[in-house]
Amino acid sequence: MTNSINKTYKMITYGCQMNENDSEKLSGMLKAMGYTPTEDETTAGLVVMNTCSVRENADVRFFGNVGNFKHIKKKNPDLILAVCGCMMQQPQIVKKIKEDNPQVDIVFGTHNLHRFPELLANYQASGNRTIEIYDDDDGLIENLPVDRRYPFKSYVSIMKGCNNFCTYCIVPYTRGREVSRPHEKIIDEVKALVADGCLEVTLLGQNVNSYGNDRKDGYGFADLLRDVNAIEGLERIRFMTSHPKDMTDEVIDAVAACDKVCPVVHLAVQSGSTKVLKAMHRGYTKEKIIALVEKMHKRIPHVAITTDLIVGFPGETETDFEETLDIVRRCHFDAAFSFLYSIRTGTPAAKMPDQIPENIKHERLNRLLKVLHSEGNERNLWFQDQTVDVLVEGKSTHNEDRLTGRTMNGKLVNFDGNAATIGTIVPVHIDCARTFSLDGHAV
Ligand code: SAM
Ligand code: SF4
Ligand code: F3S
């Protein structure tokens, strides 16, 4: 190792918003240490890979990418490679890194993110491979520096972990038990963000509507929404993900009543078959979902409801799958993330009989996507010829001359407008509704 430290870093993030938020914290810590970002790993002093373990192909992709660093390090021998995130909470992964991947210098997990500066300093001082994983922790670490990707919108983590143990899911094993952050800390963070020019916050948690269940004072997610809504200068509040079993009338009423709370609910349904939902350990039936979604459509004007769906869960028959198609048609979801069921070692579903062959999973996914797209298209048609408020996020990725942003209920809008409005909310007339986005012009 050379004496002068190359203080450039590349952050590579996989997975969900929790990981994106963690990467913003890691970047914040690095910037506080004098590091600057780069996109070029062949010249960087440090590469951090923040991993996700939710599906098997994520593991495969990770080991492929980490393997490439054997070659990159030949060209850039002073490069420090740090890996962290959900995959590192799985002992078999860390074992494989220890045994087969000597190019990895630092390994840490989801519970000791805050320790990164010390682990890095330790490695730099000793040159010894540094591996530190905690099984769990007893709370959330406050006041970590954050390097926010956008000045005008930000994630705010309101809780960590998950207690649900859905039978297919690895997250409770990688993120530990549910801990709600004190609401005063959340409110202070949002106020500080607003003072820093932030217009929109997304309240983050694996299951935000169970916020407060671990507290004894009865303060819950609906209270939090109302309190955050009262913050002056804030324009928009989003939240994700919502679990149908915790979507109470109080939460629905708070979403309807709070003018800054965006009328968009990411309600992860997973399947339309009550039999499959039971095997998944989700705690609701198909009928409950249909009634819940109808209630939300009635009570929250122009609400967009999006969802997550899994096809090919063990034991899913053609009839079960048709129940999923049916629930999509009856709930009129605005959009969905749909996934092929992926075996996660250590979860109960991995040992269930009647695993579904890959070709059937793919065939069902294709059929599901067709129904989802037609529902999404139908929902977007409502916007045609309407004028809607759009938070302008930047230039359109497909056409540099156009702008892109989101409506209150989360619809992506590409439009003709003035680049000086990036980071503000402007009225946009919608000329054309598409399946995944809306097209328009600023008025
Ligand atoms: N906590 C959220 C909830 O339950 O609604 C979701 C969090 S999880 C990170 C995101 C999505 O990944 C889940 O909603 C589920 O659809 C999907 N997922 C989780 N485990 C999976 C698996 N083993 N195979 C396929 N999809 C999976
Ligand atoms: Fe996974 Fe279920 Fe927890 Fe969501 S609620 S993170 S799907 S265990
Ligand atoms: Fe992946 Fe961990 Fe999120 S497993 S989906 S990064 S909580």
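The values are calculated or read from the model by the stated rules, or taken from the named source; none is laboratory data. A quick note: this is a predicted structure, and the numbers were derived from the prediction, not measured. Quick reminder, even Gly has a Cβ in these numbers, built from the backbone with ideal geometry, and neighbours come from all protein chains shown. Side chains are part of the model used for accessible areas, which takes the heavy atoms of the whole protein and leaves out ligands, DNA and RNA. Shrake-Rupley method; radii C 1.70, N 1.55, O 1.52, S 1.80 Å.
Please give the FRET efficiency for residue 195 paired with residue 317, using the beta carbon to beta carbon distance and R0 = 60 Å, rounded to the nearest 0.05.
Numbers: r = 55 Å, r/R0 = 0.92.
Rounded to the nearest 0.05, the efficiency is 0.65.
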Q | Relative contact order computed over the stretch 69-120 (Cα-Cα under 8 Å; 6+ residues apart), in percent | A | 41
Q. By residue number, which cysteines of the chain lack any other Cys whose Cβ falls under 4.7 Å from their Cβ?
A. 16, 52, 84, 86, 162, 198, 258, 262, 331, 432
Q: For the stretch 7-57, report the convex hull volume of the alpha-carbon atoms normalised per residue, in Å³, without decimals.
A: 70
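Can you tell me the dipole magnitude for the chain around its Cα centre, using point charges on the Cβ only (Lys, Arg +1; Asp, Glu -1), in Debye to the nearest 20? All intermediate terms of the calculation are to be shown ahead of the outcome.
Numbers: 53 positive and 60 negative charges, 174 e Å.
Magnitude of the dipole: close to 840 debye.
Roughly what % antiparallel, to the nearest 5, for the DSSP beta bridges in the stretch 63-219? Spell out each step's value before the answer.
Values: 2 of 12 bridges.
Bridges in the stretch 63-219 are about 15 percent antiparallel.
Looking at the stretch 333-425, what % of the alpha carbon pairs are farther apart than 20 Å?
On the way: 2492 of 4278 pairs.
Here the long-distance tail beyond 20 Å is 58 percent of all Cα pairs in the stretch 333-425.
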Q: Evaluate the charge dipole of the stretch 148-262 about its Cα centre and quote only its size in Debye, nearest 20, assuming +1 on the Cβ of each Lys and Arg and -1 on the Cβ of each Asp and Glu.
A: 560
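Expressed as cubic angstrom per residue, what is the convex hull volume of the alpha carbon set of the stretch 221-375? Don't skip to the end; give the middle numbers.
Details: hull volume 18.1 nm³, N = 155.
Spelled out: Cα convex hull of the stretch 221-375, divided by residues, is 117 Å³.
Quick one: work out Rg over Rh on the C-alpha atoms of the stretch 358-412, Rh as Kirkwood radius.
Working: Rg = 15.7 Å, Rh = 13.7 Å.
That ratio is 1.14, to two decimals.
I'd like the Kirkwood hydrodynamic radius of the stretch 386-442, using the inverse of the mean 1/r over distinct C-alpha pairs, in Å.
Computed over the stretch 386-442, the radius equals 10.7 Å.
When the Kirkwood radius is taken over all Cα pairs of the stretch 148-262, what Stokes-Einstein diffusion coefficient follows at 20 °C and 1.002 mPa s, in µm²/s? Display every interim value, and only then the final one.
Working: Rh = 14.5 Å.
Calculated translational D: 148 µm²/s.
Where Rh denotes the Kirkwood radius from the mean inverse Cα pair distance, what is Rg over Rh for the chain?
Details: Rg = 22.5 Å, Rh = 23.4 Å.
Here Rg/Rh amounts to 0.97.
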Q) How do 361, 31 rank by accessible surface area computed with a 1.4 Å probe, from largest to smallest? A) 31, 361
Q: Bin width 10 Å, alpha-carbon pairs only: give the P(r) of the stretch 8-132 as whole percents, running from 0 to the bin holding the largest distance.
A: 13, 50, 35, 3
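Per DSSP H run of n ≥ 4, the term is -39500 (n - 2.57); total these for the chain, divide by its residue number, and report the mean residue ellipticity at 222 nm rounded to 500 deg cm²/dmol.
On the way: 12 runs with 152 residues, N = 443.
The helix-only estimate for the chain comes to -11000 deg cm²/dmol at 222 nm.
Leaving out ligands and nucleic acids, note down the accessible area per residue over the stretch 182-295 with a 1.4 angstrom probe, in whole Å². Could you put the intermediate results ahead of the total?
Details: 4430 Å² over 114 residues.
Solvent-accessible surface per residue comes out at 39 Å².
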Q) Tally Lys and Arg at +1 and Asp and Glu at -1 over the other residues with C-beta under 15 Å from the C-beta of residue 233: what net charge comes out? A) -4
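For the stretch 86-227, what is the Kirkwood hydrodynamic radius in Å, using each pair of distinct C-alpha atoms?
Answer for the stretch 86-227: a Kirkwood hydrodynamic radius of 17.2 Å.
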**Q.** Bridge type composition, the chain - antiparallel percent by DSSP, nearest 5
**A.** 30
Q) What order, most packed first, do the peptides 244-254, 18-28 have when packing is the mean number of other Cβ atoms within 10 Å of each residue? A) 18-28, 244-254
Q. So which DSSP H runs in the chain come out at 24 Å plus along the axis (Cα) with average Kyte-Doolittle of at least -1.0?
A. 56-75
